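Report on one structure; see the data block that follows.
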């Protein structure tokens, strides 16, 4: 159907840029993003998400000549990036990789996805294919996104243009399980389109692909991946609360239980980020539209969403036991990103710990060597400190994120001065802390 694949990747964040870079090894690729600053940094060979190595990115980029140079086959493969919609008009295989967040009431927010669909609608031509990678509830691609493309373009779905869904499986900060090494689920709006979509992805994904029988099956498969993890972590978080009351070390229990071959090795912690902390709400929303109220899924979400408050309350209890004054106490939080060794602050649950400590009248410093200061300021109105304060009279120090850099910190001096040390991530030595989750 398509004689020569010419790819446009719409949205160059944690998912889009690694994917565009990978496809650029085999195809002409135009990366599109409305963020001019983001485009400029990529063109200069820098990825602020740290997902793509600078040397690898620079080798992938073609010159700053117009994208038509790619389309005219001057470059048989390579990546050109632009914020100009006209540069993607002559592509024929569109991949949408924009975020799908929830609003303050945990309801799915499809705004970025629908805006990206409008963009596709303005440039798509007869015979083209649009594939969505953004995590959605089953049905969103064909019921919410495709109608927007139809409305803007004036073309008819599965007659003039076609669709597909291939859920992203990017794990931010993971340098081992990179995009090409993770098996990819694919799908198409017709069996023939499914085969085309699968062949395109299979040509660059060394781990292989799995062609799902329909778009809805692929959407559902993605959303249960993270919902399953969310529920499992919620179970371990609940165990941590129980064992804390029983004065039993949770980590020791998990180590013992893990000696059984089929025990699932989950650990307690804060569950945030753009996937696990969000996706269950998408599935729950769709289930409720069908008249079903999901109990386990939402129970897991409620428990995990309450862990920030729980951590703060545990620290307060320790301070009271050590007769450390709570009001106006100076506290240091180690980490603000949603996971270790990664600059991603989206939907971080570390902010829940921070806000709860403020409710107790504490003064809280945040130190995170991975987080971008301006992004943290913009997103959470927090001025992070730039260097670790060796001695600053803290009443409590809470390790919230397990960055490798925190392993080098000597907390003994703080502890000797009566400072409460709480480890959320079981990263520190037992002798250096007062308690851990």
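Mean-square fluctuations from a GNM of the chain, with a 10 angstrom spring cutoff on Cα atoms, peak among 160, 33, 352 at 160.
Annotation for residue 58 and residue 86: the two label points, set 7 Å from Cα along the Cα-Cβ direction, are 3.1 nm apart.
Can you compute the FRET efficiency between residue 408 and residue 115 using 1/(1 + (r/R0)^6), with r the Cβ-Cβ distance and R0 = 25 Å? Round to the nearest 0.05. After rounding to 0.05, the efficiency reads 0.05. Projected over every direction and averaged, the convex hull enclosing the alpha-carbon atoms of region 157-238 yields 6.5 nm². For region 96-239, the average shadow cast by the Cα convex hull is 9.8 nm², which is a quarter of the hull's surface.
When DSSP beta bridges are restricted to pairs lying wholly in the chain, around 5% turn out antiparallel. When the alpha carbon gyration tensor of region 7-218 is reduced to an equivalent ellipsoid, its three semi-axes come out at 24, 20, 18 angstrom, largest first.
Going by alpha carbons, how many degrees (0 to 90, nearest 10) lie between the helix axis of 111-123 and the longest principal axis of the chain? The answer is roughly 20 degrees. Per q in 0.11, 0.15, 0.20, 0.25 1/Å, what log10 I(q)/I(0) does a Debye calculation on the alpha-carbon atoms of region 248-312 return? Debye output, listed in q order: -0.38, -0.66, -0.92, -1.05. Counting 0.36 nm for each residue step from residue 35 to residue 221 and taking away their Cα separation leaves a gain of 63.9 nm.
Angle of helix 279-289 to the longest C-alpha principal axis of the chain, folded into 0 to 90 degrees and rounded to 10: 70°.
Once the mean of 1/r is taken over each pair of separate Cα atoms and inverted, region 111-183 shows a Kirkwood hydrodynamic radius of 13.3 Å. The length gained by stretching the chain between residue 160 and residue 416 to full extension, at 0.36 nm per residue less their Cα-Cα distance, is 85.0 nm. Length available on full extension from residue 46 to residue 381: 0.36 nm per residue minus the Cα-Cα distance, which gives 118.0 nm. Beta-bridge orientation, region 7-218: approximately 5 percent antiparallel, per DSSP, counting only bridges with both partners inside.
With R₀ fixed at 51 Å, the C-beta to C-beta distance from residue 195 to residue 242 puts the FRET efficiency at about 0.50.
In plain terms, the residue of 38, 89, 21, 104 with the fewest other Cβ atoms within 10 Å comes first and the most crowded comes last, giving 104, 89, 38, 21.
Compactness of region 342-437 is given as radius of gyration and Dmax, 13.2, 37 Å, from Cα positions.
As a proxy for reagent exposure, ranking 407, 61 by other Cβ atoms within 10 Å from fewest up yields 407, 61. Per residue, the convex hull spanned by the alpha carbons of region 239-436 comes to 141 Å³. Can you give the log10 of the normalised intensity I(q)/I(0) at q = 0.17, 0.19, 0.23 Å⁻¹, computed with Debye over equal Cα scatterers of region 273-386? Debye output, listed in q order: -0.89, -1.01, -1.22.
Read-outs throughout are calculated quantities, based only on the coordinates presented, and are distinct from any laboratory measurement. Computed from a prediction, not measured in an experiment: that's the story for all the values here. Virtual Cβ from ideal backbone geometry, glycine too; neighbours counted across all protein chains shown.
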